[in-house]
1. If each of D86 and R45 carries a label point 7 Å out from its Cα toward its Cβ, how far apart are those two points in nm?
2. With a 10 Å radius around each residue's Cβ, average the other Cβ atoms per peptide and rank 187-193, 98-104, highest first.
3. For segment 64-205, what does the alpha-carbon gyration tensor say about shape, rounded, prolate or oblate, given a ≥ b ≥ c as the root eigenvalues, a/c under 1.5 as rounded, and a/b over b/c as prolate?
4. Would you mind getting me the FRET efficiency between H353 and W227? Use the beta-carbon distance for r and R0 = 22 Å, nearest 0.05.
5. Under the 0.36 nm per residue contour assumption, what length would be gained going from the current alpha-carbon distance of A340 and H111 to full extension?
6. Tell me the per residue accessible area of segment 1-126 using a 1.4 Å probe; a whole number in Å² is fine.
7. Quote to one decimal, in nm, the extra length available between D120 and L292 on full extension: 0.36 nm per residue of separation minus the C-alpha distance between them.
8. Keeping the other protein chains in place, figure out the carbon and sulfur percent of the accessible area of segment 67-193, with a 1.4 Å probe.
Amino acid sequence: MTRNTAIAKATEYFETGRFQSDLSHLVSYRSESQNPAPEARSEARRYLTEAMKPRLQAMGFVCDIIENPDPKGGPLLLGERAEGSDLPTILTYGHGDTVLGQEGMWRDGLHPWEISEDGDRLYGRGTADNKSQHLINIAALESVLATRGSLGFNTRIVLEMSEEVGSVGLPEVFRTHRDRLVADVLIASDGPRLQPDVPTMFMGSRGGTTFDLLIETHEGAHHSGNWGGLLADPAIILAHALACITDVRGQIKVPEWRPDSLTDTVRAALRDLPVAGGDGPAVDPNWGEESLTPAERAFGWNSFSVLAMVSGVPEAPVNAISGWARATCQLRYVVGTDPAEVVPALRRHLDSHGFERVQIRPHDRGFFAATRLDPDHPWARFVSASIRETSGNLHVLPNLAGSLPNDSFTDILGLPTIWIPHSYRGCSQHAPNEHVLKPLCRDALRVMAGVFWDIGEKAPPGR
């Protein structure tokens with residue numbers, strides 16, 4: 001009955017092949033929340049009722065399937081394992097939905113709904129985002145339970161099937177079932193490590209909002225010889241409008257989009273953190289806010305991106321001036337940026353530069369607000385000490401560069417939030433050839449077994 005025994009059990013779960021077998025089963029569910037077909041919705045329900053609920057019930061969880069109040073969203077599972085009112089309560093979370101499988105776009109021999117092993121990689125849709133991540137945490141809980149006979153704390157779990165469509169319905173479910181989600185802390189897993197061989201812990205995430213910039217200058221397309229120099233070119237106007245939002249190296253020029261929350265504490269937490277490595281692309285040192293370090297640009301600042309642009313018919317261009325041009329844009333923002341002011345601030349900025357004709361059309365897909373927990377928070381210190389005891393090393397981020405539904409946990413449930421990701425930045429999530437790394441998964445199982453053991457063994461913050 002020791003910490004090392006629990007970690008050894010988690011290691012054995014991986015080394016005997018049970019982790020890979022269980023992940024293969026989870027990946028076989030075609031749980032595409034971006035797919036409106038009835039079959040995809042059926043798979044989402046099956047994932048919870050057939051793959052998750054029986055396993056949790058075998059651990060002593062009482063589980064309910066909750067219908068999503070938003071018709072665009074899938075069901076949710078709420079579960080609880082109670083051991084004593086005098087014990088700490090941990091809330092954990094995962095999402096079983098995935099983006100579209102993108103069949104036919106994967107490397108030869110790979111299929112999105114089947115696990116394929118190639119060296120240290122396990123390929124399949126949802127392997128990294130998020131099926132392996134909540135599987136690792138559940139298996140780590142099982143290892144502690146098998147070792148101690150109890151966890152030493154109460155556990156509550158939320159599994160949703162709509163994260164890839166903005167976690168629609170999650171805030172409403174949290175408000176309705178708030179009494180079933182009371183906890184001392186959220187400890188969950190999503191997103192990537194900074195480097196594959198070093199655990200990462202983050203305590204929040206950047207927010208994001210997506211919108212189209214659209215300009216319509218005239219009806220139809222007209223011959224560029226007969227009308228060139230007479231008709232306004234919407235693509236040129238849109239290009240200049242985009243150029244007034246940032247400078248040539250992507251530094252944001254909209255005043256309200258420049259945050260004031262990059263404090264000395266946050267700078268200290270980000271100092272010397274790596275942003276390169278793994279299989280991702282090389283970082284461009286001459287892009288982004290010039291006065292900031294690469295880590296500060298990614299985790300402590302806002303970034304504006306053009307996700308797509310179109311005018312005319314790019315696949316078959318003709319000698320004609322199009323009557324419209326459109327760019328799909330996104331702002332990722334940190335704490336200190338008012339989400340309600342993002343679009344109004346852009347409207348004022350475009351108007352002041354003479355681009356009143358450029359329309360702003362926000363996307364109706366939900367996005368998450370920015371959140372951040374102080375790295376010196378007692379729960380952050382407790383969990384980071386546990387991870388360092390197991391692995392000897394750790395990267396700590398005040399917030400992830402990407403976005404998560406963390407605001408539902410912080411703003412509705414009032415929880416401190418700790419995220420321990422089990423993937424890496426080169427995992428190709430949301431793209432063909434998504435995969436996880438076997439050594440990373442093995443290490444993550446050990447890390448989480450140590451964290452859960454320590455919560456039941458030591459006196460966590462406030463207890």
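The values are calculated or read from the model by the stated rules, or taken from the named source; none is laboratory data. Note that this is a predicted model, so its numbers are computed, not measured. Here the Cβ positions follow ideal geometry from the backbone for every residue, glycine too, while neighbour counts run over all protein chains shown. What goes into the accessible areas is simple: the full protein's heavy atoms, side chains included, and nothing from ligands, DNA or RNA. Shrake-Rupley method; radii C 1.70, N 1.55, O 1.52, S 1.80 Å.
1. Label-label distance for D86 and R45, simple model: 4.4 nm.
2. Per-residue mean Cβ counts within 10 Å order the peptides as 187-193, 98-104.
3. Details: a/c = 2.14, a/b = 1.34, b/c = 1.60.
It comes out oblate by the Cα gyration axes.
4. On the way: r = 26 Å, r/R0 = 1.18.
Result of the calculation: an efficiency of 0.25.
5. Details: separation 229, 0.36 × 229 = 82.44 nm, distance 4.13 nm.
My answer for the length gained is 78.3 nm.
6. Working: 5890 Å² over 126 residues.
I get 47 Å² per residue for this part.
7. Details: separation 172, 0.36 × 172 = 61.92 nm, distance 3.53 nm.
Between D120 and L292, full extension yields an extra 58.4 nm.
8. Working: 1900 of 4030 Å².
Percent of accessible area from carbon and sulfur atoms in segment 67-193: 47.
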